[in-house]
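These notes are about the structure you will find just below.
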């Protein structure tokens with residue numbers, strides 16, 4: 001998978017989240033979850049863009065770990081929506097699975113980058 005393909009996947013994921021956020025009620029709970037979910041999901045893609053422009057391997061790893069944290073947070077909010085029955089489970093389950101897949105891809109990229117850094121530096 002190319003960096004552009006992964007960036008596109010993260011962007012498409014964020015678009016799906018935008019649509020979910022739009023469906024949540026405007027109650028106190030709905031607004032709070034909407035804001036948190038929107039922030040974390042859109043931040044993942046933005047931080048991936050920053051990682052692609054990293055100044056060093058360690059900077060890349062650091063920024064990719066932020067992407068991973070944001071995806072994990074996004075998954076938490078999606079699980080909360082599901083468990084609270086704020087939206088239909090079928091719709092949310094697809095996004096939970098997608099966030100897990102994206103996290104796995106990012107995680108593997110971090111592991112690969114760390115291994116390359118270790119072998120390159122001899123540490």
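What follows draws every value from the coordinates through simple rules; no lab data is involved. Computed from a predicted model, the values in this text were never measured in an experiment. Methodologically, a virtual Cβ is constructed for each residue, glycine included, from the backbone with ideal geometry; neighbour enumeration extends over all protein chains shown.
What the table below lists for this structure:
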| quantity | calculated |
| --- | --- |
| Criterion violated by residue 87 - all others in (1) in a helix (DSSP H, G or I); (2) within 19 Å of residue 18 (Cα to Cα) satisfied | (1) |
| Of all residues making up the stretch 15-49, the number that are over 13 Å from residue 78 (Cβ atoms) and either in contact with a helix residue (DSSP H, G or I) (Cβ under 8 Å, 6 or more places away or on another chain) or touching a residue at least 24 places away in the same chain (Cβ under 8 Å) (or both) | 10 |
| Of residues in the stretch 84-95 being in contact with a helix residue (DSSP H, G or I) (Cβ under 6 Å, 6 or more places away or on another chain) and over 18 Å from residue 7 (Cα atoms), the one surrounded by the most Cβ atoms within 10 Å (Cβ to Cβ) | 92 |
| Only listed residue being in contact (Cβ under 8 Å) with a residue 24 or more places away in the chain, touching a helix residue (DSSP H, G or I) at 6+ places or on another chain (Cβ under 7 Å), under 30 Å from residue 117 (Cα atoms) and buried (at least 19 other Cβ atoms within 10 Å of the Cβ), chosen from 98, 73 | 98 |
